[in-house]
Structure formats: structure tokens, C-alpha cells
1. Among residues belonging to the range 150-164 that are touching a Leu at 6+ places or on another chain (Cβ under 9 Å) and part of a loop (DSSP other than H, G, I, E, B), point out the one that is surrounded by the fewest Cβ atoms within 10 Å (Cβ to Cβ).
2. Going through the range 93-112 one residue at a time, which ones are without any contact (Cβ under 8 Å) to a residue 60 or more places away in the chain and open to solvent by 10 Å² or more (accessible area, probe 1.4 Å)?
3. Within the range 28-65, can you find the residues that are of a type in the set (Gly, Ala, Ser) and open to solvent by 60 Å² or more (accessible area, probe 1.4 Å)?
4. Consider the range 113-145. How many of its residues are of a type in the set (A, V, I, L, M) and open to solvent by 20 Å² or more (accessible area, probe 1.4 Å)?
5. Would a scan of the range 119-139 turn up a residue that is modelled with pLDDT of 90 or more, of a type in the set (Gly, Ala, Ser) and out of contact with any helix residue (DSSP H, G or I) (no Cβ under 9 Å at 6 or more places or on another chain)?
6. Working only within the range 15-27, note down all residues that are more than 14 Å from Glu62 (Cα to Cα), open to solvent by less than 70 Å² (accessible area, probe 1.4 Å) and in contact (Cβ under 8 Å) with a residue 24 or more places away in the chain.
7. Quick one: would you say Ala90 is farther than 22 Å from Leu210 by Cβ, among the hydrophobic types (A, V, I, L, M, F, W, C) and surrounded by fewer than 20 Cβ atoms within 10 Å (Cβ to Cβ)?
Amino acid sequence: MVGSVIPLAQTRRPVVTKDRILDAAESLFMEHGFEATSLRSITAAAGVNLAAVNYHFGSKEELFQAVLTRRLDPMNQERVDLLSRLEHDAGPAPLPCDRILSAMFIPALRLARDPERGGKDFLRLLGRAYADPAPFIRRFLAEQYATMIARFKAAFGRALPDLPAKELSWRLHFIMGALSYTLAGTDALRLIAELTPAETGNDEVLLQRLAPFLLAGLQSPLPEVADTARPVDVEPRPRS
């Protein structure tokens with residue numbers, strides 16, 4: 001029986017190899033983007049051969065998705081868990097918008113501070129992914145965020161019952177964009193670096209700087225449909 005036991009180092013090797021590939025891919029995708037990063041450069045950086053990448057991930061697309069998934073899944077679950085706790089504490093009353101925003105913002109900020117979870121480099125990669133024109137990336141991100149977005153949309157819907165669902169979808173889209181830029185944009189990182197240690201170490205202080213801007217957008221009056229639907233500077237078509 002003893003002879004059939006697999007050595008501990010051997011049982012760990014696949015996990016270590018997989019993590020090395022993910023770490024190398026995350027760094028290179030962040031620096032060069034998806035299209036400009038080759039599997040050859042990833043295998044060289046990870047110190048593995050192409051067969052190892054194919055074994056663990058299958059293709060470059062699947063590897064890119066795995067890089068995002070290992071960071072996004074825990075962060076989005078943390079967001080949903082925090083929102084659930086805040087709603088539980090609020091009882092039957094709708095949770096105020098600023099508390100909903102905190103549940104969305106604080107887990108992302110914690111990730112940004114934690115190099116073991118990718119830190120700011122991963123958020124920069126995520127910013128690249130949002131701007132990437134590849135259709136599979138856009139589909140993947142939409143699917144990856146679908147459950148979390150639906151959960152937060154429901155919370156905002158209870159807090160803003162007079163806001164039509166379609167308008168809320170647009171505003172939530174803009175909120176996600178502002179949060180992504182705040183945490184991943186190079187200018188935003190410079191601004192955060194200029195804050196005092198007390199501010200950068202306090203999630204609530206940072207949220208207080210962003211929340212008024214986001215709340216103003218969330219709670220702004222509805223646009224005039226007639227004005228927004230009217231074409232601008234369009235010449236009338238001649239009749240046949």
C-alpha cells in the first residue's frame with residue numbers, strides 16, 4: 001500500500017505549473033494585450049512547453065478567460081456576499097444607493113491592494129480587456145458579470161423604484177465604467193498615490209470621493225425622450 005502512494009511533490013506539480021502559466025499570461029496580456037501576446041512568449045516566461053498550455057487550457061482564448069476568471073469570480077462573489085449582508089442588516093427597507101455602491105466598490109479596491117490576487121496589474125489587464133475589440137472577450141465579460149450585475153440591478157431597482165429598468169441598465173453600465181477607470185486607469189492610480197496614507201488605507205474615504213459623482217448620475221432626472229431621440233444635423237431626405 002505504501003508503494004502506491006503518490007509523492008506529495010508529484011501531486012502538487014500540475015497545480016504549480018498551471019499557476020505559473022496563469023501568472024506569466026496575466027503579466028504579458030496586461031503589457032501587450034491579447035492579440036499581441038503569443039503562446040510562445042507565455043511558455044518562455046512560464047518556463048514550460050506548449051504541451052503544458054494545451055493540457056491545462058487548450059487554446060490562447062481559453063487561457064485568457066482563465067486568467068480573468070481566477071480573479072473575477074472571487075471578487076464578484078465577494079461583492080454579492082457583501083451586498084447580501086448589507087441588505088440583511090437593512091431589514092425590509094431598500095438599501096440606500098450609497099451602501100449598494102460600497103458593496104460594488106470595496107471588494108474591487110481590496111483586490112487592487114492585494115498583489116497575491118493580481119492587485120493593480122490585474123485591474124489594468126481588466127481595463128485592457130474592456131477596450132479590446134475581440135468579440136469573444138466582450139461575450140465572456142458579459143457572461144462573467146451577468147449574475148453579479150443582475151443582483152446589483154435588483155438592489156438599485158428597489159432603491160430607485162421610479163427609474164425605468166432600461167434607464168437603470170444604462171446608468172449601471174456607466175457606473176461600472178467609472179469604477180473600472182478609477183481602479184485601473186493610470187491617471188487614477190496617480191491620483192490615488194497622492195492621497196495620504198490614512199485615505200489610501202480607508203475604503204470608505206476613497207468611496208466618499210467617488211460616491212457623490214456616481215450618486216448624482218444615478219439619481220439625475222430622466223432625459224427628455226423627444227430630445228434624445230431627435231437626429232442631430234441630419235438633412236431631410238428628398239422625396240422620390
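The values are calculated or read from the model by the stated rules, or taken from the named source; none is laboratory data. All of these numbers come straight from a predicted model, not from anything done at the bench. So basically every Cβ, Gly included, is an ideal-geometry build from the backbone, and we count neighbours across all protein chains shown. Heavy atoms of the whole protein, side chains included, go into the accessibility calculation; ligands, DNA and RNA do not. Shrake-Rupley method; radii C 1.70, N 1.55, O 1.52, S 1.80 Å.
1. Let us first name the residues in the range 150-164 that are touching a Leu at 6+ places or on another chain (Cβ under 9 Å), namely 151-153, 155-160, 162-164.
This time we only want the ones that are part of a loop (DSSP other than H, G, I, E, B), so: 160, 162-164.
Numbers: Leu160: 17, Asp162: 6, Leu163: 17, Pro164: 11.
Here the residue is Asp162.
2. Selection gives Ala93, Arg99.
3. Initially, the range 28-65 is screened for residues of a type in the set (Gly, Ala, Ser), giving 33, 36, 38, 41, 44-47, 51-52, 58-59.
The answer is Ala36, Ala44, Ala45, Ala51.
4. Within the range 113-145, residues that are of a type in the set (A, V, I, L, M) and open to solvent by 20 Å² or more (accessible area, probe 1.4 Å) number 2.
5. no
6. Step one: of the range 15-27, the residues more than 14 Å from Glu62 (Cα to Cα) are 15-17, 19-20, 23-24, 27.
So of that shortlist, the ones also open to solvent by less than 70 Å² (accessible area, probe 1.4 Å) come out as 17, 19, 24, 27.
Answer for the range 15-27, where residues must be more than 14 Å from Glu62 (Cα to Cα), open to solvent by less than 70 Å² (accessible area, probe 1.4 Å) and in contact (Cβ under 8 Å) with a residue 24 or more places away in the chain: Thr17, Ser27.
7. no
To keep it simple, each residue is scored yes or no on (1) within 21 Å of Ala146 (Cα to Cα); (2) β-branched (Val, Ile, Thr); (3) more than 16 Å from the chain's Cα centre (by Cα); (4) modelled with pLDDT of 95 or more.
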{"site": "Ala44", "(1), (2), (3), (4)": "no, no, yes, yes"}
{"site": "Phe64", "(1), (2), (3), (4)": "yes, no, no, yes"}
{"site": "Arg71", "(1), (2), (3), (4)": "yes, no, no, no"}
{"site": "Met75", "(1), (2), (3), (4)": "yes, no, no, no"}
{"site": "Val80", "(1), (2), (3), (4)": "yes, yes, no, yes"}
{"site": "Ser84", "(1), (2), (3), (4)": "yes, no, yes, yes"}
{"site": "Arg99", "(1), (2), (3), (4)": "yes, no, yes, no"}
{"site": "Pro107", "(1), (2), (3), (4)": "yes, no, no, no"}
